[in-house]
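This report concerns only the one structure given below.
The values are calculated or read from the model by the stated rules, or taken from the named source; none is laboratory data. These figures come from a predicted structure and were not determined experimentally. Heads up, the Cβs are rebuilt from the backbone with ideal geometry, glycines too, and the neighbour counts pull from every protein chain shown. Just so you know, the surface numbers come from the protein's heavy atoms only, side chains and all, with ligands and any DNA or RNA stripped out. Shrake-Rupley method; radii C 1.70, N 1.55, O 1.52, S 1.80 Å.
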Amino acid sequence: MKFKRMLCVISVICMLLSICACGNSPVTKENPQKPEKQEPEVSFLHVRLGDKYLEEWSDNHVISSVSWNKLTLAEEDEKNFPKLKSALDEMNDITAAEAEDSMEALLLSAPYLEGDEYNPRRLYSDSNIFVQRADSGLLSYLEELSAYTGGVHANYAYIGVNFDPATGQRLVLTDVLTETESLPAILQEKLTAKYDHIELQDNQAQAILEDYSPENYQWTMDYQGITFWFSPYELASFAAGTLSVKIYFDESPDLFEEKYKIAPSENYALSLPSYLATDFDLVSGDGKTDTVTIEERIDDYGSYNMLSVTVNGNTTTDEINYAYGFDVYLVHMGDKNYIYSDSYTDNDYHMFCTWNISGKKPEQISELYGTEIDYEFVEEGFEDGTVYKYVLNDPSSFKLETRFDILGTRGATAYYKASEKDGTPEMTDEAYTFNEGEDVILSIPLEAEVLPEMKKVELDEGVSLTPYQTDGKTYVDLKTHDGMTVRLEIDVSEWPRKVNGIPEDECFKNLMYAG
């Protein structure tokens with residue numbers, strides 16, 4: 001059970017409580033020789049995350065909720081990696097059952113608490129997944145578990161999950177490392193250097209880790225190396241928070257099995273969890289280890305969040321664009337690095353922002369309003385379904401959805417790539433393709449151009465058309481029920497929109513706009 005599993009994790013790491021202090025001198029990465037470029041032998045996987053949620057209200061004004069992510073492959077990769085699909089299906093079934101058990105546990109606690117009608121008490125058990133790597137050689141993600149059952153504070157823990165896509169087997173540490181005996185000493189040195197404000201001296205962390213078996217470590221792997229995650233009480237106090245350190249491929253090349261050091265590309269992206277100082281080498285060969293931290297800071301009124309980005313101690317907070325939540329990615333392109341943030345606010349309105357983190361201080365450099373990572377609604381049973389968002393891992397090709405007010409409010413998708421110039425999303429499709437939506441019906445006859453010949457034709461009043469594509473500015477393409485594609489001129493410079501120079505509400509019946 002996820003709820004019970006999380007409490008079990010916390011119970012285990014509580015037994016590892018240590019009294020430590022720092023004193024060792026910091027270590028830095030040595031300036032490595034740049035390895036010879038290898039041809040990619042792996043390809044990116046297309047993975048999706050769906051949000052699942054349970055909620056119960058008690059008469060004593062207590063709300064119990066359980067949330068978790070459902071991880072799946074896109075259809076094309078389900079065919080290419082059937083064993084991984086089966087492993088993820090099994091994992092998702094287990095997680096759904098654990099969520100039900102977690103809710104039962106919360107409901108057992110709820111009667112002993114009391115909330116206020118206008119300020120209900122909230123109990124929760126949540127799980128969130130942050131994909132660190134997804135390719136044909138390795139699927140690796142960090143799972144964040146948190147729970148509040150009415151005590152002094154919430155409890156949380158982090159779990160690393162790693163799959164071999166070809167076999168569907170869950171990997172253990174000895175599958176990816178050539179040996180594990182040297183880990184305690186390496187990790188002690190790195191922890192002491194990174195967390196010099198926490199008592200980790202006298203090699204007490206090393207002493208704890210020497211009692212670990214390979215199965216005790218929580219780890220993930222990205223395209224630079226392996227990260228070890230230590231939840232509260234595991235090596236330090238609850239106040240110290242979660243600790244993490246990375247061993248880079250170029251630091252200890254003999255430590256890693258060769259197959260895991262090969263990336264699909266020099267350019268890649270990974271998901272960033274909030275409030276954790278994530279190690280990442282922003283500039284290869286500079287001899288420095290960098291840290292990136294994402295935070296969601298509450299605004300002055302306590303209603304919305306502001307995104308804060310910290311790189312090597314330098315912080316920038318976006319105090320203008322408020323949102324309820326953010327999905328955040330670190331995009332690496334050679335020696336240039338960016339943050340992509342996908343935020344949502346009222347009426348599920350999204351904004352996609354780009355931050356440059358290659359300089360001394362993070363800088364937000366672009367905003368795409370009404371735009372988000374591509375999503376898909378999947379029916380999963382009777383009156384049941386899940387909205388899945390694709391995980392961004394390949395900056396050379398990813399899909400964004402943009403909300404348009406053209407012949408009604410509609411979403412339309414297009415492929416993008418991260419610009420080599422400044423990292424901002426650069427559209428590679430010639431047009432946006434509308435998602436499924438209501439057809440439009442002509443109120444008057446309209447002249448249109450038939451694609452691709454551009455032959456002019458007159459469409460009769462009452463004809464039903466399916467919006468297909470648009471450039472968002474000058475034209476919209478529609479499909480007729482007999483398979484013909486036609487183009488109409490549009491003008492979006494003012495309200496109402498104009499089609500062939502005529503106000504659109506005079507051209508079509510019952511156009512539906514949000515808001």
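Quick notes
- Test set (1) open to solvent by 50 Å² or more (accessible area, probe 1.4 Å); (2) among the acidic types (Asp, Glu); (3) touching an Asp or Glu at 6+ places or on another chain (Cβ under 7 Å) - ASP335 fails condition number: (3)
- Restricting the stretch 349-381 to residues that are in a loop (DSSP other than H, G, I, E, B) and over 26 Å from VAL47 (Cβ atoms), the residue that is most open to solvent (accessible area, probe 1.4 Å): LYS360
- When ASP175 is tested against (1) open to solvent by less than 40 Å² (accessible area, probe 1.4 Å); (2) within 18 Å of PRO253 (Cβ to Cβ); (3) in a helix (DSSP H, G or I), only condition (1) is not met.
- Residues being open to solvent by 40 Å² or more (accessible area, probe 1.4 Å), in a loop (DSSP other than H, G, I, E, B) and either of a type outside the set (Asp, Glu) or without any contact (Cβ under 8 Å) to a residue 60 or more places away in the chain (or both) - total across the stretch 237-253: 1
- Taking the stretch 96-137 as the range and being hydroxyl-bearing (Ser, Thr, Tyr) and either in a loop (DSSP other than H, G, I, E, B) or surrounded by 18 or more Cβ atoms within 10 Å (Cβ to Cβ) (or both) as the test, the residues that pass are SER102, TYR118, TYR124, SER125, SER127, SER136.
- Test for ALA277: is it closer than 30 Å to GLN364 by Cα, surrounded by fewer than 22 Cβ atoms within 10 Å (Cβ to Cβ), touching a residue at least 12 places away in the same chain (Cβ under 8 Å) and within 20 Å of the chain's Cα centre (by Cα): yes
- Selected residue (criterion: farthest from TYR375 (Cα to Cα)) from residues of the stretch 430-443 that are in contact (Cβ under 8 Å) with a residue 12 or more places away in the chain and in a loop (DSSP other than H, G, I, E, B): SER443
- For the residues GLU234, GLU189, the requirement of being surrounded by 21 or more Cβ atoms within 10 Å (Cβ to Cβ) and at pLDDT below 95 singles out GLU234.
- Residues of the stretch 183-198 satisfying the condition of being assigned to a helix (DSSP H, G or I), closer than 14 Å to THR278 by Cα and touching a residue at least 60 places away in the same chain (Cβ under 8 Å): LYS190, LYS194
- Residue in the stretch 468-485 that is in contact with a Ser or Thr (Cβ under 7 Å, 6 or more places away or on another chain), more than 22 Å from ASP394 (Cβ to Cβ) and at pLDDT below 95 present: yes
- Whenever a residue of the stretch 377-396 is among the acidic types (Asp, Glu), its partners that are part of a loop (DSSP other than H, G, I, E, B), lying with C-beta atoms within less than 8 angstrom and at least six residues away or across chains, give the pairs ASP394/PRO264; ASP394/SER265.
- Just one of (1) in a loop (DSSP other than H, G, I, E, B); (2) aromatic (Phe, Trp, Tyr); (3) buried (at least 19 other Cβ atoms within 10 Å of the Cβ) fails for PHE326. It is (1).
- For the stretch 444-458, the count of residues that are free of Cβ contacts under 8 Å to residues at least 40 places away in the same chain, touching a Gly at 6+ places or on another chain (Cβ under 8 Å) and outside any strand (DSSP E or B) is zero.
- With respect to the conditions (1) closer than 29 Å to ASP77 by Cβ; (2) open to solvent by less than 10 Å² (accessible area, probe 1.4 Å); (3) assigned to a strand (DSSP E or B), GLU144 falls short on a single one, namely (2).
- Only one of the numbered conditions (1) open to solvent by 30 Å² or more (accessible area, probe 1.4 Å); (2) touching a residue at least 24 places away in the same chain (Cβ under 8 Å) is violated by ASP346, and that is (2).
- Residue in the stretch 221-234 that is among the polar types (S, T, N, Q) and in contact with a Cys (Cβ under 8 Å, 6 or more places away or on another chain) present: no
- Residue in the stretch 399-410 that is aliphatic (A, V, I, L, M), part of a strand (DSSP E or B), open to solvent by less than 60 Å² (accessible area, probe 1.4 Å) and at pLDDT 95 or above present: yes
- Residues in the stretch 287-302 that are outside any strand (DSSP E or B) and surrounded by 13 or more Cβ atoms within 10 Å (Cβ to Cβ): THR289 alone.
- Within the stretch 254-263, the only residue that satisfies the criterion of being open to solvent by 60 Å² or more (accessible area, probe 1.4 Å) and free of Cβ contacts under 8 Å to residues at least 40 places away in the same chain is GLU258.
- Taking (1) open to solvent by 40 Å² or more (accessible area, probe 1.4 Å); (2) of a type in the set (D, E, K, R); (3) modelled with pLDDT of 95 or more; (4) in a helix (DSSP H, G or I) in turn, ASP77 satisfies each apart from (1).
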